[in-house]
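The values are calculated or read from the model by the stated rules, or taken from the named source; none is laboratory data. Worth saying up front: this structure is predicted, and the values here are computed from it rather than measured. Cβ: placed from backbone, ideal geometry, glycine included. Neighbour counts: every protein chain shown. For accessibility, only protein heavy atoms count, side chains too; no ligands or nucleic acids. Shrake-Rupley method; radii C 1.70, N 1.55, O 1.52, S 1.80 Å.
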2 protein chains.
Amino acid sequence: MQNKFAFVAGDTGSWQVRSIEAVIGEALGPARAVDVVAADAQPTVSGPSAWVLHGLMSNVRYATRPEVTALRAVSEPLGRPQARSAALIPIRKNAAWWALAQDERRAIFEETSHHTAIGLEYLPAVARQLFHCRDIAEPFDFLTWFEYAPEDAAGFETLVARLRATKEWTYVEREVDIRLER
Amino acid sequence: MQNKFAFVAGDTGSWQVRSIEAVIGEALGPARAVDVVAADAQPTVSGPSAWVLHGLMSNVRYATRPEVTALRAVSEPLGRPQARSAALIPIRKNAAWWALAQDERRAIFEETSHHTAIGLEYLPAVARQLFHCRDIAEPFDFLTWFEYAPEDAAGFETLVARLRATKEWTYVEREVDIRLER
């Protein structure tokens, strides 16, 4: 199974960049478009400020069986025709987060910050895929890709704002918010 | 931080191979020696049956804070002069394991199989480092490297036998056991 993907920013691509905003820490360079491709595809990167981020699809790290079941019941796939808006949000958490034990990270993630519970409120409107990149010498720990219809944009903004207000986010040391449309 | 390592098998290397045994599923090819090197080092592989396995050091995935504290209190580092025996045990778990939610995997790993509790009984005699490789297109999910003094070999055999008798191990679909000395 191909589990490694590349987000390739440059002058051309399937998704047109609307904005690239540094939320916490350093931004990414400007780009006009982003392509999402299998990492083996050796994409053509063009433009003076192009960048490429890699991420791996993997198993769940925090979700319990009831949470997995609840998420699957209301999750929709990427690529829906009406989902013409997207967001790519790379984040990196700090050393204090990664020094926590599994139960400590889980407690902050869900029992305190309600990450999954909050996300569930915005499904199925927002489709989502998480990519891991902490262990593969990338500048971020995670890339999350979201797709939604333009009429669901307000809900998506609320989702992002609520997550950024959690205790979990106090461990985020770099976050960039890239908005796209097709 | 360099977190990617390569286990390079061939005709020469720091660790002399005593045995390569297929425990579950397909074996690895015969080799006379194994080197453990930073993955960027581009090792020279020699010999007709040489193989290379890559793995990543990463954060803990199951251990709670009390378990992390207990492990650290009695863990010793790799490279002790008296630890002239080593084992490299690559394993791959099956799809059923990876389809489990985090709480289900944790319950099998520790509450049912007592993986950490069993391991603790053999510390500090056995030093250990886990490498992850499921997400990086390798033939195994994990590589575990153990070092111990020859006089602690019996204890190490008991440790391995006890882990292989657990419910957790019913999810292991490939396991190779490579014993080495220097």
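Here are a few things to note about the model shown:
- Local net charge near A:R84, Cβ-Cβ under 11 Å (Lys/Arg +1, Asp/Glu -1): -2
- Heavy-atom accessible surface that B and A bury in contact, both chains counted, 1.4 Å, Å² to 100: 1800
- With K and R counted +1 and D and E -1, the other residues having a Cβ less than 14 Å from that of B:R105 yield a net charge of 0.
- Comparing B:I20, B:I89, B:I118 in a Gaussian network model of chain B, where Cα atoms under 10 Å apart are tied by springs, the biggest mean-square fluctuation is seen for B:I118.
- Estimated dipole of chain B in Debye, rounded to 20 [Cβ of Lys and Arg +1, of Asp and Glu -1, Cα centre]: 160
- Average accessible surface for segment A:1-152: 47 Å² per residue, computed with a 1.4 Å probe over protein heavy atoms with every protein chain in place.
- Nearest-0.05 FRET efficiency for A:I136 and A:T69, computed from C-beta distance (R0 41 Å): 0.85
- Each residue, B:N94 and A:E151, gets one label point 7 Å from its Cα in the Cβ direction; the gap between the two is 4.7 nm.
- Degrees, to the nearest 10: B:65-74 long Cα axis against longest axis of chain B: 40
- With respect to chain B, whose longest principal axis is taken over its alpha-carbon atoms, helix B:153-164 is tilted by about 60°.
- Links that overshoot a 25 Å alpha carbon limit, given the list A:K4/A:K93; A:K4/B:K4; B:K4/B:K93; A:K167/B:K167; B:K4/B:K167: A:K167/B:K167; B:K4/B:K167
- Segment A:152-167 and segment B:152-168: distance between their alpha carbon centers, rounded to Å: 48
- Equivalent-ellipsoid semi-axes of segment B:45-128, from the Cα gyration tensor, Å, largest first: 26, 22, 11
- Summing Lys and Arg as +1 and Asp and Glu as -1 over all other residues whose Cβ lies under 15 Å from the Cβ of B:A96 gives a net charge of +3.
- Label spacing, shortest first and in nm, from A:P139 to its equivalents in the remaining copies (7 angstrom along Cα→Cβ): 3.7
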